[in-house]
Every structure is written in structure tokens, then in C-alpha cells.
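Encoded as C-alpha cells, the structure appears first; notes follow it.
The values are calculated or read from the model by the stated rules, or taken from the named source; none is laboratory data. Computed from a predicted structure; not experimentally measured. No Cβ is skipped: glycine too gets one built from the backbone with ideal geometry, and neighbour counts run over all protein chains shown. Areas reflect the complete protein model, heavy atoms only, side chains present, ligands, DNA and RNA absent. Shrake-Rupley method; radii C 1.70, N 1.55, O 1.52, S 1.80 Å.
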Amino acid sequence: MRKKLIAGNWKMNKDIHETASFITELKERLKDFGNEVGIVLCPPFTSLVVATAQIKGSPLRLGAQNMSEHDDGAYTGEVSAKMLAALGCEYVILGHSERRQYFKESDQLINAKVKKALATGFTPIVCVGETLEERKAGLTDQIVGTQVKGVLHELSSAEVGKIVIAYEPVWAIGTGVTATPDQANAGHKLIRKTIAKMFSWATAEMVVIQYGGSVNGANAADLFSQPDIDGGLIGGASLKADSFMGIIQAGVEQSASSNR
Ligand code: PGA
């Protein structure tokens, strides 16, 4: 069975001081946590040094929000996989819709980053999802299918089995409009089917697929109860210990009920 994974994508929020106080509070609240789900924090680059020191000895894991496809060299403003690994990062979010939209990241570039992340030993959290216009035009399956094929291009089954995919409908990100559990699960099924066609069902069944887009403490349980939803990539609600804990709790309860 796939273990649920809950990741907080802080985006461009929290300086080092805010990072330190958030993690202190979250650790306190996680005292009775039994590792029923995986929890990853993805702060901005500038907070990674503080975060890595603070999560020591806790169940929290660390991720970055982006990285370069290059090893090193003259790429002003970029951060390499090796630099992130040295900081204790184990995860990296790649191809977030904000990177696709504002920084023009293509499936081809994201694919190069995925390969670099895997070669460095990271678990990439690779984002896909359609815009509202695409959904309205009935293009959801085509768009998401093309993105999945693009980002997984030329990977081996073994590599794909190590990847996390986040299905994030762009219209649900930061809008307060969440996909219904049925809509979300349909997206996840499509992603799994696409992976099965490219590789095998055995591989597709291994891939952890998170849902992202306005997840909060109130809707997380319904989303996480869907058979193909293996946790969430959380933006806004990951910025406060209260709301993030609500989502973690929903994941823990869901894992307990599916083990019964
Ligand atoms: P949101 O963001 O939870 O604020 O909608 C999710 C994301 O962008 O990963």
C-alpha cells in the first residue's frame, strides 16, 4: 500500500525567523505522531539552512521548491541539486504551475530537472494540471496526459517508481475552489493510466500521486479517502501550524481507516 505524503509548499513566504518559529510549533504539535504519513516541508531556499537544523530528530523531511537542471557553472541566480543535497533536502518540487506560467518552464525542461533530481538521489514531486480554459474546452485528459508523458520521457520503470506526482488543477491553486473528490480522483486515475501505458500497471501502482489546489483541514479527509489520492501538496494552508496540522490529522485518520 502507498503511504500518504503531505508536503507544504511555502512558495515565497517566511523568512528565517518565521521558519524557525513555525517548525518549533509544528514539532511540538507532532509529539504523538506515529509516522502514519510522510510530512515534507518545502521552504524557500533562504530558509533551508535553518529548517534542516530544526527538523533534526523529528519526522519532518525537507524539500526545495525548484532546482537547476545543470550541475554547476555560470547560471546566475540558480541553485544546483548538489547544493540542495548538502543541505539535507530529500525532495524537490519540479514543474509547479507557477514555474510553468511565470518562468515559462516546459515539459522538456522539467524532464531534464527530474533526471537530475533522480541522479542526485532526490524524490522529485512533479506537478501537472490543466487550466480552467483547458478544462472548459474538454481538454483536461489531453493536457494532463501530454504533461505526464513529457515529464517522464526516457525514464526507467525503476526511476518512475521513485517519483511523486502532484495533480494540481491550475484553477484550484490558491483560489479556494477545490476539485471535488470525484474530479480529483478522475485526474489521478488518468495519470496512473498514462503511466501504466508508458511503463506497466505495477509501476503505475507504485507512484504516489498527491492532489494539490486549495486543500484545507475541512476538505482533506474527503480528498484523501479517494483510492487514487495519496496525500496532498499544500500551499496556503501549510503556512500556519494549525491548518497544516488539520490536514496531517486527516491523512493520519485516513491511513488508520484504510488499515482496518
Ligand atoms: P494552494 O496551493 O494549496 O494554496 O491552493 C497549492 C500549490 O500551489 O501547491
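Once Rh is set to the Kirkwood radius over Cα pairs, what Stokes-Einstein translational diffusion coefficient, in µm²/s, holds for region 1-101 at a temperature of 4 °C and a viscosity of 1.567 mPa s? Intermediate results must be reported in sequence, preceding the final value.
Working: Rh = 14.5 Å.
For these conditions, the coefficient is 90 µm²/s.
I'd like the accessible area for His153: 1.4 Å probe, protein heavy atoms, all chains in place, Å² to the nearest 10.
90
Based on the Cα coordinates of the chain, what is the per residue volume of their convex hull in Å³? Intermediate results must be reported in sequence, preceding the final value.
On the way: hull volume 31.0 nm³, N = 260.
For the chain, the hull spanned by Cα atoms encloses 119 Å³ per residue.
Sort largest first and round to whole Å: the equivalent ellipsoid semi-axes of region 140-245, each the square root of five times a Cα gyration tensor eigenvalue.
Equivalent ellipsoid of region 140-245: 25, 14, 12 Å, largest first.
Order Phe224, Phe103, most accessible first, counting only protein heavy atoms with a 1.4 angstrom probe.
Result of the area sort, largest leading: Phe103, Phe224.
Quick one: net charge around Glu205, please, counting Lys, Arg +1 and Asp, Glu -1 for every other residue with C-beta under 13 Å from its C-beta. Mind showing how you got there, number by number?
Numbers: positive: Arg2, Lys189, Arg192, Lys193; negative: Asp228, Asp230.
Charge balance near Glu205 sits at +2.
Using modelled backbone amide H atoms (1.01 Å from N, in-plane), which distant-in-sequence or interchain residues come within less than 5 Å of Thr123's amide H?
Tyr91, Val92
Where the only charges are on Cβ atoms (+1 Lys, Arg; -1 Asp, Glu), what is the dipole of region 132-260 about its Cα centre, to the nearest 20 debye?
160
How about Lys27: which aspartates and glutamates have a C-alpha closer than 15 Å to its C-alpha, ignoring those fewer than 8 places off in the same chain?
Result set, ordered by chain and number: Glu18, Asp242.
Could you order Arg260, Arg99, Arg29 so the one with the most accessible surface comes first? Probe is 1.4 Å.
Arg260, Arg29, Arg99
Can you bin every Cα-Cα distance in region 56-192 into 10 Å intervals starting at zero and give me the percent of pairs per bin, rounded to whole numbers?
Taking every Cα pair in region 56-192, the percentages come to 12, 41, 33, 14, 1.
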